[in-house]
Structures are given as C-alpha cells and as structure tokens.
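Right, one structure below, let's go through it.
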Amino acid sequence: MKTESSVAGIIGNTLRKHPWLSVLLLLTILLSIGFSLLPPLVLEKIVDTLTAGEPILFSVAVGYFAIVAVSGLLDAAKESLITAFGQKVTHHIRSVMSEKLKRLPASYFVEREPGVTASRFVNDVNTVDNLFSSGIISMAADLCKLVSILVIIFMKSTGLGLLLLKVTPLLFWMTRTFQKRMLKAQMENRVAVGRTNQQIPETLNNMRTIRVLHREPYMLERYGDTIEQSYRAQERSNFYDAVYSPIVVSVSSLLIGIVMAASAKSGTVQLFFGMSAGTAAAVIAYVSNFFGPLESIGMEIQNVQSAVAGVRRINEFLKETEQKKSTEQVRGDSIAVRVCDVSFGYREQEREIFHNFSLTVAEGESVVLAGRTGAGKSTLVTLIAGLYQPRQGTVRVFGRAPETIPEDEKRRWFGYVEQQFRLVPGTVGDQVSLLDPQVTDAQIRQALEMVGLGETVDKLPQGIHTPCAESLFSQGQFQLLAIARAVVLDPRILLLDEITANLDSQTEELVLSALRAASQNRTVLSVSHRLYSGAPNRHTRFVTL
C-alpha cells in the first residue's frame, strides 16, 4: 500500500484501525491534566479554613485524598494508553518492514552489513516508540499542564507569575543545553555499541583466520576501544543528568523563598506578592509541579529529535528499490546461462575482476570454472545467481535477469552447494528444507534418496524428524546433505562452489557419485581450483578463468 511507504502513513493507518484507543487516550489526557490541578486548590481551602479557626469538614478531607488518588490513577492510565498506542504503531512498523524485507533483492543483503539492517528494526523503531511514550503526546500534555499552572499562579500571585515568566526561558535554555550534550553523549554511546555488536558476528565468522594469524590481541584491542568509547560517553551523559536536578530544585526553592519574603512586606510589595496562608500552600505546590513538566518538555524535544532521525532511516529503508517484477518469461531456450561482455568489481576504486567477460552455457551442460585463487570463479557464480549485478554487460538465466527472480522462487531456479555445510537449528529434515514451508516431507525423502542418504536417515530414531547435531553425520555425509538441500525443489541449475576441496579421495568419489545423480537433466556450474577427474556430468566443459 502506498500509504504504508512511510512512517507517517503507518501511523495514520494505525489511528484508523484503532479509533476508540485514540479517543480514550485524548479523554484520559484531558482528565489527567484537570485532576492534577485540583489538589492544590483544595489544599488552599483547607489551610485557609484552619487559619480562620474553623473546623474542616470530613467530606472535604476525604475529597482531597480522593482527588489525589484519582489524579494518580488517571496518570497511570494515560501512560498505559500511550504505551499501548506506541506498541501498536511499532508492531505495525516492524510488520511493514518485515514484508518489505521479503521484497528486497539479494544484492541489498550482500552490500549491507547485517548489523545495519538489524539496527533499523530494533534501535530506529524503538525511537518511534519513544516518539509516543515520551515524545509528541507527552509533550502536548505537559505543555497544557504548564500553561494551566502558570495561569493559576498569575491569578494567585501576580509577582510570582512574572518571576516565573522571566526565569522560565533561562531554565528552558539550560535544560536544552544539558539535554543536547546528553544526546550527543548517548549518540556516541550508540555508535560505540553498534560497532561492538558488528564486531561479534565478524569475529565469529573469521574465527579460524584470527587463530591461524594469531590476531587475538588485535581483536581484543578493538573490543577494548569500542567499549571504552561507550563507557566515556555514558559517563558524560550521567554527569549532566546528575547536575541538572539539583539546579532546578535550588531555583524552585529560591523563587518560593523570594515570594514568601515579599509577602511579609507591607505596602505595594505586599499587594504585588501577598497571599493568604492557604494560597501560599497552593502556590508552593504549583511551583513544585511547574518545573517537572518544564524538564519533561526538554527531554521530550530531545526524544522527538532522536525519533526524527530514526523515522528518516526507516523511511529510507521503506523506499529501498524492491525486486523488479520482470515481464520477461522463462523461455524454452536451449541457452541456460548467457554472460555477455560483463565487467565487474566489488568497489568503484578497486580493479575489475572481469572485463568484457563472456560465457554461454547450454541447457543440460556441465561447466567447471577452474583457475587460481582470486581469479573470480566464485564471483561469477554470485553474478549468475543474481547476488550482484555487473557494472557493464548482461547476465541472463534462461533469458531472464537473475536479480528479478523473486526470493521465494529462487530455489526452483538455483540449487547452491557450498564448500562448508552450514547447520541450521532443527531436525535432519530441516537441514534439507531450510524451514521452507513449500518443501514437503515427500520431497525431503526423495532428495535424500537421490544422494544416497535415504537408508542412513531412515535408521535414525525419528527419521527425518530426528534433531540434527554435528555428531550425527560424517563430513562427507554432511556434504551429501548439502546436495539434497540444493536439489529438494528440483532446480534447473546447480551451482557448486569447491564442494570437494576438503574431502579425501574416497569421500570425494562418494560425493561426485551423488552429484552425477543430482545433475541429471540439469545445468551444472562448478567452481574448482583444480581439474578433478570425476566430473558431475558426462558432458563436462572446463573453462579456465
């Protein structure tokens, strides 16, 4: 939906879906403000009655405590409703973003770090939640409360009202200064935390390389630097937070002291500042309540500013180019893969891996891409699979640009077997289906039979439903499982990336035998650093890069 291509549109749809919640929230806010202003007025009446030597009616005392209790309940109800509304909005935003994620091309995930995308779903959406729980709605309520208190104070003491008008801009400037510095420190902390979070998967993915090269001290130093940055930023934020409150309390006490001293004077000063004992009690209560909303408004402006940055990042994500809906149809063409005058490099500044490279693979043909390390064998496979797009030239798979193939269809086009088998949490069957709902148990069993693992899996305690662990299969059997995973949805093309590099000769022959069975009536592209004798297809052609 077009209305859900931005955060504003999502919020609007949420309001339309839950009108009762919006009305109830508005009513609760108005009642909360009204009841919060009543206790000092009742207190004024009680104190004036006592100073006049008259008894206090029991109903008045009970009414005072009842108003205080209702005011507290309304405040709690207001916060609960704001939180509920914010959660509905953020849930809707995450749902829309998740749907968007399904429609993004594979190149989006290749070009961006996983931590960046996760940050949009977690940190940026959380700032939108803050936009409601401690942002726009709360700021509007606090502004109304602030104005109402100021009007009442002017009615009770003109002098105090004028003093507050003069002091308020100075206090607000001080509040914003402190909060801006706190925000800067918090942003530095967020950046440091984000770097630390990114280093965790990076370290795990490169664990073997780190150990082989003895780079553990370097990785430890990197972690230490980011954690130190986070600590220093958080320390600055805590300092500003600790200093602000004593300043506000001191100013509040000073104003009340000035008014009380001026009220004791005679003449014009007494008329300007004078008040009864009950009024004095009420004014003290109002002044104490005045600085709370003022501080909150400053914090809420900060939250709104932070949320605006989050909203901008979410909108950028929602506007990402989606997978193209190609009008090209899969033709019964005898050409399975056509790479025409392709030039490609991972970064603009780096040299090109390919320059005007061309390759044609006939349907049903088996091609082995051989060459030295770094020649671009695996890169060519990723181009054919649509994970990258060439700088120049075209790549077509059965006449279609591979990047236009929807993600939920790609397993019927490509079967990909890696050098290392990647175990997923779940059962043996889940290793083949990858938790894809379109894969049936019958297809899983058929794929296992094709690669020669059917009997082995049947002997397991629960068959394909047996929980899978690394100790369950040998390295060669896991590679057979990887082939079953690749062919379970009967893809038209098999992409094989160095799948026999780490196998002994006996296991390699077993895997190649399974590949021959899996390659029947399919186009096969294999990546190899050597020209091995056992090809997955009898009609094998070798291309050296």
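Put simply, the amide H of residue 393, placed in the peptide plane, has neighbours under 5 Å in 343, leaving out anything fewer than 5 places away on its chain.
Which peptide among 486-494, 59-67, 312-320 comes first, and what is the full order, when sorted by highest mean count of other Cβ atoms within 10 Å?
486-494, 312-320, 59-67
Over the range 97-218, one equal point on each Cα, no solvent: what is log10 I(q)/I(0) by the Debye formula at q = 0.12, 0.16, 0.20 Å⁻¹? Values returned for q = 0.12, 0.16, 0.20 Å⁻¹ are -0.74, -1.00, -1.21. Of the peptides 444-451, 29-36, 355-362, the order by per-residue mean of other Cβ atoms within 10 Å, starting with the highest, comes out as 444-451, 29-36, 355-362. Near the amide H of residue 360, within less than 5 Å, lie the amide hydrogens of 339, all on another chain or at least 5 residues away, with H placed in the peptide plane. Neighbours of residue 233, meaning other residues whose beta-carbon lies under 9 angstrom from its beta-carbon, give a summed charge of +2 when Lys and Arg score +1 and Asp and Glu score -1. Under conditions of 4 °C and 1.567 mPa s, the range 1-93 yields 82 µm² s⁻¹ as its translational diffusion coefficient, taking Rh as the Kirkwood radius over Cα pairs in the Stokes-Einstein equation. Per-residue 3J(HN,Hα) values for the range 307-315, derived from phi via the Karplus relation 6.51 cos²θ - 1.76 cosθ + 1.60 with θ = phi - 60°, read 5, 4, 5, x, 4, 4, 5, 5, 4 Hz in sequence order (x marks Gly and Pro).
Among the trypsin sites (Lys or Arg not before Pro) within the range 385-444, which fall in a DSSP loop and have no more than 14 other Cβ atoms within 10 Å of their own Cβ?
Working: sites: 391, 396, 400, 410, 411, 412, 422; in loops: 391, 422.
Sites meeting the loop and neighbour criteria: 391, 422.
Share of the range 50-200's accessible area from carbon and sulfur, percent, 1.4 Å? For the range 50-200, the apolar C and S fraction of the accessible surface comes to 67 percent.
What do you get for Rg/Rh of the range 432-519 when both radii come from the Cα atoms and Rh is the Kirkwood radius? Provide the component values of the computation, followed by the final result.
Values: Rg = 12.6 Å, Rh = 13.4 Å.
Rounded to two decimals, Rg/Rh equals 0.94.
Packing order of peptides 279-291, 16-28, highest average first: 279-291, 16-28 (average count of other Cβ atoms within 10 Å over each peptide's residues). With all protein chains kept in place, the per residue accessible area of the range 6-49 amounts to 49 square angstrom at a probe of 1.4 angstrom.
Put 481, 81 in order of accessible area, largest first, 1.4 Å probe: what do you get? Display every interim value, and only then the final one.
Values: 481 0, 81 30 Å².
Heavy-atom accessible area, descending, gives 81, 481.
Cut-off under 14 Å on the C-alpha distance; same-chain residues fewer than 8 positions from residue 17 excluded. Which aspartates and glutamates are left, in chain and number order? By straight Cα distance, residue 17 reaches 4.
All alpha carbon pair distances within the range 346-461 were sorted into 10 Å bins beginning at 0; the resulting P(r) in whole percents reads 10, 33, 31, 19, 6, 1.
With kT/(6 pi eta Rh) evaluated at 4 °C and eta = 1.567 mPa s, and Rh the Kirkwood radius from Cα pairs, the range 42-170 diffuses with a coefficient of 66 µm²/s according to Stokes-Einstein.
The values are calculated or read from the model by the stated rules, or taken from the named source; none is laboratory data. Keep in mind that this is a model prediction, so the values were computed, not measured. Don't worry about glycine lacking a Cβ; one is built from the backbone with ideal geometry, like all the others, and counts go over all protein chains shown. Remember, those area values only see protein heavy atoms, side chains included, never the ligands or the DNA or RNA. Shrake-Rupley method; radii C 1.70, N 1.55, O 1.52, S 1.80 Å.
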